[in-house]
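Data first, discussion second: the structure below is written as structure tokens.
We did not get these values from a lab; they are worked out from the coordinates using the rules stated. Values in this document were obtained by computation on a predicted structure and should not be read as measured data. Every residue, glycine among them, receives a Cβ derived from its backbone with ideal geometry; neighbour counts consider all protein chains shown.
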């Protein structure tokens, strides 16, 4: 047994680690295994590169996420002898969340920013209504692997005084529901949906519109036997946690089951779209995404449409533009650099974006088949005195001079975006509608058209889209008039074949 392995094994006894005169050499940024201070707690002793794995990731453009957001993640393998401790710093951002997914890339649990208690009584949560952002405010939670509570906490390994143990995510069982077993229309040989014990998965932290430079969240492997942390090199060598493991390989994720989820929830013969007559005022037909989306953001709901080839040809030739018109729901003033910028709790939506995608026609059911080219968030949209938005998007044409912010237009030249030549789909993303606001994308049932005979699930807030030429864009915009039909109960829809955007 090498010297590192001996010291790591002895760290099961806090007293020996404390007295170790020659800490073991560690790879990477961990030069030596530090001595455990018995007068300090778990976070103070183990939130360092020798024990803590920093989450990895980037913005979500390449995997159908929002390019104004960052998605950091770590993979885990269930081992009942351990539990995970996740530590993070509240960012100065519009929204953040921590989510746990199983081996099917399906959500097990999620906490939104305002639901996370600060790590200690001396800290605050800046997402609680009325609080203002202050740097260095932390949160923590535990991921349970089914081994129960810590048996006997060694000196220096206690989480007492922190809220780490108040938030516990259970990673031991696969998700409930979202099963196709027994469903009609399954092709011969379609895989059986697995249930029961979970073997591994992903922890993801999302951050939208962040303007601070807080450190990445970290995950620490904690031993059930004594509450101390397992050295990071040992935790990685045992395949308990990782940020580099390929998504296709076990034990992290069950790729055949993930693919079966994609196929089932993206194939009209197995899960058909529910349709009503087309919206006569809209030149596209919005459809909400499916019940299942891989590593779904439970705070988000999406309405999308794929554009037909003829429309795309006209846009790319410069003959027409895309025009979106809708009233912008009220959204928070956060993030900002000025003191006093807070959530009020009265905002209708936490976040809205209009996104321009490439939805791959060759693999519409594969992971990552949708690429976000550009996301225009609500803070970028110009509103008139009544909060009406007119967003004009060009792909080669020159708009009239009147198309400018002083006339309450927002103009986007998509040709300045990398990969714009692949553009073929649009999506509207809503985050965290206020319970009193019933006109968001959340109001549309999954796999269902937004428009209905009652007038539409989003009422006047649905984006009305058409494709005008330059001659139709002179003068100030005239907002469409739509009734408030969000609470109207429509008749049951019928199944139909509509091309759906993978997200």
**Asked** Nearest 0.05, what FRET efficiency do residue 115 and residue 58 give at R0 = 35 Å with Cβ-Cβ as r?
**Response** 0.90
**Asked** Going by average Cβ neighbours within 10 Å, how do the peptides 49-55, 487-493 rank, with the highest at the top?
**Response** 49-55, 487-493
**Request:** Determine the percent antiparallel among the DSSP beta bridges restricted to the chain, to the nearest 5.
**Result:** 90 percent
**Message:** Just to confirm the number: angle between the C-alpha axis of helix 255-266 and the first principal axis of the chain, 0 to 90 degrees, nearest 10?
**Reply:** 20 degrees
**Item:** Length-normalised contact order for the range 113-176 - Cα pairs under 8 Å, 6+ apart - percent
**Value:** 36 percent
**Prompt:** On full extension of the chain, what length is gained from residue 124 through residue 401, given 0.36 nm per residue of separation minus the C-alpha to C-alpha distance?
**Reply:** 94.9 nm
**Message:** So for the chain, averaging the separation of alpha carbon pairs under 8 Å that are six or more residues apart and normalising by length, what relative contact order in percent results?
**Reply:** 18 percent
**Request:** When a/c is below 1.5 the answer is rounded, else prolate if a/b is larger than b/c, else oblate, so apply that to the range 267-496 with a ≥ b ≥ c taken from the square roots of the Cα gyration tensor eigenvalues.
**Result:** rounded
**Prompt:** Calculated FRET efficiency, residue 278 and residue 238, Cβ-Cβ r, R0 60 Å, to nearest 0.05?
**Reply:** 0.60
**[x] 68, 56, 44; [y] 80, 61, 40; [z] 66, 62, 46, with the label sought being that of the calculated Cα extents along the principal axes in Å** = [y]
**Prompt:** Using Cα pairs under 8 angstrom and six or more residues apart, how large is the relative contact order of the range 267-496, in percent?
**Reply:** 33 percent
**Asked** If you count, for each residue, the other Cβ atoms within 10 Å and average over each peptide, how do 156-169, 94-107 line up from highest to lowest?
**Response** 94-107, 156-169
**Asked** According to a simple spin-label model (label point 7 Å from Cα along Cα-to-Cβ), what is the distance in nm between residue 387 and residue 194?
**Response** 4.6 nm
**Asked** Using a basic spin-label model with each label point 7 Å from the Cα along Cα→Cβ, how many nm lie between residue 312 and residue 341?
**Response** 3.8 nm
**Request:** Output the peptides 345-355, 128-138 sorted from most to least packed, where packing is the average of other Cβ atoms within 10 Å over each peptide's residues.
**Result:** 345-355, 128-138
**Förster radius 41 Å - calculated FRET efficiency between residue 249 and residue 225, Cβ distance, rounded to 0.05** = 0.90
**Request:** At 0.36 nm per residue, minus the direct Cα-Cα distance, what do residue 44 and residue 487 gain on full extension? Give it in nm, one decimal, please.
**Result:** 154.4 nm
**Asked** Under a plain spin-label model, where a point goes 7 Å from the Cα along Cα-to-Cβ, how far apart in nm are residue 472 and residue 319?
**Response** 1.3 nm
